[in-house]
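J.: To start, I am sharing the structure in question, which I have written as structure tokens.
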Amino acid sequence: VTGGNRNSVWAWVLVDEVARAGVREVCVAPGSRSSPLVLAFAGDPRFRLFTQIDERSAGFLALGMGKGTGRPAVVVTTSGTAVANLLPAVVEASWSEVPLLLLTADRPHRHRDADANQAIDQLHIFGRYVRAFHELAPPVVDAPSLRHLRGLAARAVASAVGAPAGPVHLNVPLAKPLEPVHVPGDIPPGFREAHPQVAGGREGGRPWVAIGRRSSIVDQDAFPQVRTLLREARNGVVVAGPSNRPELDGPAALRLAERLGFPLLADPLSGARRGDGVGVGVMGHYDLYLRDPQVRDALAPETVVRVGASPTSAFLLRYLEAAARVPQVVVDGGHRWKDHLAVADHYLPGDPEPVVEALLEGLPPPGDGGRQLFLDRWRRAEAQAAEVVALELRGTFFEGMAMAEAVEALPPGGTLFVSSSMPVRELDAFVPPGPSPLRVHGNRGASGIDGILSTALGIRAVTEEPMVAVVGDLAFLHDGNGLMAARQVEGALVIVLVQNDGGGIFHFLPIREQEPAFTPYFATPHGLDLSHLARMHGIPYRRVDPAPGVVAGAVAEELAAGGVRIVEVPSLREENRHRREEVAALVCRAVAAGLAGREGPET
Ligand SMILES: Cc1ncc(C[n+]2csc(CCOP(=O)(O)OP(=O)(O)O)c2C)c(N)n1
Ligand SMILES: [Mg+2]
């Protein structure tokens, strides 16, 4: 314990215990009320500190760090609307089940609801979006209170880690003095000597209380029925949805599909689309061909097993909904219910890895020829789609090409971040499955276009591999403040900015017919030259021609140059829609023709 008053001791003990629980990253937004917390973090070499003026961006920066490490990053704010600005990141962390720890300074109790400056009601301000909320006691230096504080800090981190993981909020009332000045009587004489563990923490850097990680396992009673169902299934599909633990859930889905002899429909955020063991049984272009009702019928399953969240592809969702009458099993150990279509008839609320292991125990290998025929049909469809896609990605430019080439430019094992709106959908449709590993992140919890740059920079801050973030121009503008973190991170991050001057996604919706309102209120062209924003932050910015091969070349060069850099790819919204629909139609035609042909094993 250092410093000279109850606040500095209180903050130091809290921060010490947060470090002992394994937290290393801290995002600080400036303010006065939080001074004791900030000084404690800043004086502790166990932490890496980042600063961000805009608390909304600070929240997403920490969210990105949580995604990258699997442990919570801390956000420290002052009192007032500073706290309220964290809500978007808290919602995303909650919905996408990512650990996050909020330490919000507050006015002392006597100032609340009494017209004091910068005092709002911060209690439970994030409602049900946090896994835990605790209002800390007013600081005091006595052994029972500090023991409780140490335990509470450990519990906060444990609640954030889960399972299920998510945001945790500690509200910290602090009265002046906020600086570590000596206050006579604040620290009882001889306190440190009398209570060495309370004051200095447990020996050997151990946490006050080592809390075991909860895992979600499902009662064995649930398995026999599902096992029977899977044993008797004539055919089926496994769908791997977005996961916050793709390195575990992806391989689990792969293993299940392989053992069942089912095709695996792998969402790009599932961990099953790319990486070790991804072979011809893994489908990645289904969004393009499942839009065709005939193809959908020809590939209709008799059983479905879904792992993780609902898939990104709207056409895959339609396919699953069309199969509402067949048995559908959902495996997910997360916080939220993952069946908005209400088609599941078995739900196993456990972590996929142990659930899959348990399901496969005693399950005979698929002997039935029906499964093989069905898998072959899927493989033929996927192969035909892949052929058309590969050809069209060398033809006239569209945004899918920018995405595919951005991925192509990343070395194996690289990290990809995609913003909501079209980038995640271009990834879904046009980036093929394969064994070359790719770590993919996106904010798919609530699918906001907010906090995108900050989330990407947060991931960049805690990972080693080269990284590309593909973002839309509105998402880019929305989190312009996020770029403040660019000079605080190391390593290569190329932001591929798909500049179609507005929300291209709205062109794919029937609302596009509704002019004159459509353009100003939906597409929202801004006509801004975004390079100025980059220049303000000192970030190298380059605009490239929308033509085959150009994005791959530019991204590879910029990755090699290192640091945070932006590649702007201009696109025209309406042209892009036409071209994308043309490519999808070509895929559908090829796949439909192939399926209409003679059945037989793939050669
Ligand atoms: C915070 C938030 N506000 C609004 C939306 C609704 N929305 C979804 S996509 C989109 C347009 C995004 O445009 P851009 O980032 O340029 O991507 P594009 O559609 O052009 O690919 C909007 C406004 C949202 N998802 N999140
Ligand atoms: Mg756009």
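J.: How many residues are closer than 24 Å to Gly370 by Cβ and either buried (at least 23 other Cβ atoms within 10 Å of the Cβ) or of a type in the set (A, V, I, L, M) (or both) if we restrict to region 251-283?
T.: Count: 14.
J.: Could you tell me whether Tyr521 is among the aromatic types (Phe, Trp, Tyr), surrounded by 14 or more Cβ atoms within 10 Å (Cβ to Cβ), out of contact with any Cys (no Cβ under 6 Å at 6 or more places or on another chain) and free of Cβ contacts under 8 Å to residues at least 60 places away in the same chain?
T.: No.
J.: Any idea which of (1) closer than 17 Å to Val329 by Cβ; (2) assigned to a helix (DSSP H, G or I) is the one Leu265 doesn't satisfy?
T.: Answer for Leu265: the failing condition is (2).
J.: Inspect region 563-577 for any residue being closer than 23 Å to Tyr286 by Cα and more than 16 Å from ligand 1 (Cβ to nearest atom) and give the result as yes or no.
T.: Checked region 563-577: no residue is closer than 23 Å to Tyr286 by Cα and more than 16 Å from ligand 1 (Cβ to nearest atom).
This table checks each residue for (1) surrounded by fewer than 20 Cβ atoms within 10 Å (Cβ to Cβ); (2) closer than 20 Å to Ala93 by Cα.
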{"site": "Ser421", "(1), (2)": "no, yes"}
{"site": "Leu427", "(1), (2)": "no, no"}
{"site": "Pro437", "(1), (2)": "yes, no"}
{"site": "Ala446", "(1), (2)": "yes, yes"}
{"site": "Leu453", "(1), (2)": "no, yes"}
{"site": "Leu457", "(1), (2)": "no, yes"}
{"site": "Glu465", "(1), (2)": "yes, no"}
{"site": "Gly482", "(1), (2)": "no, yes"}
{"site": "Ile505", "(1), (2)": "no, no"}
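J.: Hey, Phe41 hits all of (1) of a type in the set (A, V, I, L, M, F, W, C); (2) assigned to a helix (DSSP H, G or I); (3) closer than 23 Å to Thr415 by Cα but one; which does it fall short on?
T.: (3)
J.: One residue is enough: does region 391-404 have a residue meeting the conditions more than 24 Å from Asp450 (Cα to Cα) and without any contact (Cβ under 8 Å) to a residue 24 or more places away in the chain?
T.: Yes, there is a match, as at least one residue in region 391-404 is more than 24 Å from Asp450 (Cα to Cα) and without any contact (Cβ under 8 Å) to a residue 24 or more places away in the chain.
J.: Tally the residues that are touching a Cys at 6+ places or on another chain (Cβ under 6 Å) and either hydroxyl-bearing (Ser, Thr, Tyr) or more than 26 Å from Ser270 (Cβ to Cβ) (or both), restricting the search to region 55-74.
T.: Of the residues in that region, 1 qualify.
J.: I've got another one for you. Give region 442-484 a look and list any residue that's more than 8 Å from ligand 1 (Cβ to nearest atom) and among the acidic types (Asp, Glu), or say none.
T.: Those that are more than 8 Å from ligand 1 (Cβ to nearest atom) and among the acidic types (Asp, Glu): Glu464, Glu465, Asp479.
The rows are residues; the columns are (1) of a type in the set (Gly, Ala, Ser); (2) closer than 28 Å to Cys27 by Cβ; (3) surrounded by fewer than 20 Cβ atoms within 10 Å (Cβ to Cβ).
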site	(1), (2), (3)
His124	no, yes, yes
Pro138	no, yes, yes
Ala143	yes, no, yes
Ala153	yes, yes, no
Arg192	no, no, yes
Ala210	yes, yes, yes
Ser216	yes, no, yes
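J.: Examine region 203-216 for a residue that is at pLDDT 95 or above, charged (D, E, K, R) and either touching a helix residue (DSSP H, G or I) at 6+ places or on another chain (Cβ under 9 Å) or closer than 27 Å to Ala40 by Cα (or both), and state whether such a residue exists.
T.: Scanning region 203-216 turns up at least one residue that is at pLDDT 95 or above, charged (D, E, K, R) and either touching a helix residue (DSSP H, G or I) at 6+ places or on another chain (Cβ under 9 Å) or closer than 27 Å to Ala40 by Cα (or both).
J.: Using beta carbons and a limit of 7 Å, which pairs, at least six apart or on different chains, have the first residue in region 499-514 and near ligand 1 (Cβ under 10 Å from one of its atoms) and the second one among the hydroxyl-bearing types (Ser, Thr, Tyr)?
T.: Close Cβ pairs (under 7 Å, with a partner that is among the hydroxyl-bearing types (Ser, Thr, Tyr)) amount to Gln499/Ser571; Asn500/Ser571; Gly502/Thr524; Gly503/Ser421; Gly503/Thr524; Ile505/Ser421.
J.: If Ala585 meets every condition in (1) of a type in the set (Gly, Ala, Ser); (2) without any contact (Cβ under 8 Å) to a residue 60 or more places away in the chain; (3) buried (at least 20 other Cβ atoms within 10 Å of the Cβ); (4) under 28 Å from Leu373 (Cα atoms) apart from one, which number is that one?
T.: (3)
J.: Report, by residue number, each residue of region 55-113 that is among the aliphatic types (A, V, I, L, M), closer than 22 Å to Pro246 by Cα and part of a helix (DSSP H, G or I).
T.: Result: Leu61, Ala62, Leu63, Met65, Ala89, Val90, Val91, Ala93.
J.: Related question: Restricting region 413-430 to residues that are out of contact with any Ser or Thr (no Cβ under 7 Å at 6 or more places or on another chain) and part of a loop (DSSP other than H, G, I, E, B), which is farthest from ligand 2 (Cβ to nearest atom)?
T.: Only one residue tops the list, namely Gly413.
J.: How many residues are more than 26 Å from Leu288 (Cα to Cα) and near ligand 1 (Cβ under 10 Å from one of its atoms) if we restrict to region 515-524?
T.: So the answer is 1.
J.: Filter region 333-366 down to residues that are of a type in the set (Asp, Glu) and more than 19 Å from Pro263 (Cα to Cα), then give me how many there are.
T.: Initial filter on region 333-366 (of a type in the set (Asp, Glu)): 339, 345, 351, 353, 357, 361.
From what's left, more than 19 Å from Pro263 (Cα to Cα): 339, 345, 351, 361.
Here the count works out to 4.
J.: Could you tell me how many of the residues in region 568-599 are within 15 Å of ligand 2 (Cβ to nearest atom) and outside any helix (DSSP H, G or I)?
T.: 5
J.: Does any residue of region 361-377 turn out to be more than 30 Å from Gln225 (Cα to Cα), charged (D, E, K, R), out of contact with any strand residue (DSSP E or B) (no Cβ under 9 Å at 6 or more places or on another chain) and modelled with pLDDT of 95 or more? Steps first, answer last, please.
T.: Keep residues of region 361-377 that are more than 30 Å from Gln225 (Cα to Cα), which gives none.
Checking region 361-377: not a single residue is more than 30 Å from Gln225 (Cα to Cα), charged (D, E, K, R), out of contact with any strand residue (DSSP E or B) (no Cβ under 9 Å at 6 or more places or on another chain) and modelled with pLDDT of 95 or more.
J.: In region 319-334, which residues are surrounded by fewer than 20 Cβ atoms within 10 Å (Cβ to Cβ) and either among the acidic types (Asp, Glu) or under 24 Å from the mean Cα position of the chain (by Cα) (or both)?
T.: The answer is Glu321, and nothing else.
J.: Out of the helices (runs of 4 or more DSSP H) lying entirely within region 312-412, which hold 1 or more residues that are aromatic (Phe, Trp, Tyr)?
T.: Correct list: 314-322, 369-392.
The values are calculated or read from the model by the stated rules, or taken from the named source; none is laboratory data. Here the structure is a predicted model, which is why all the values come from computation and not from measurement. Glycine also receives a Cβ, built like all others from the backbone with ideal geometry; neighbour counts cover every protein chain displayed.
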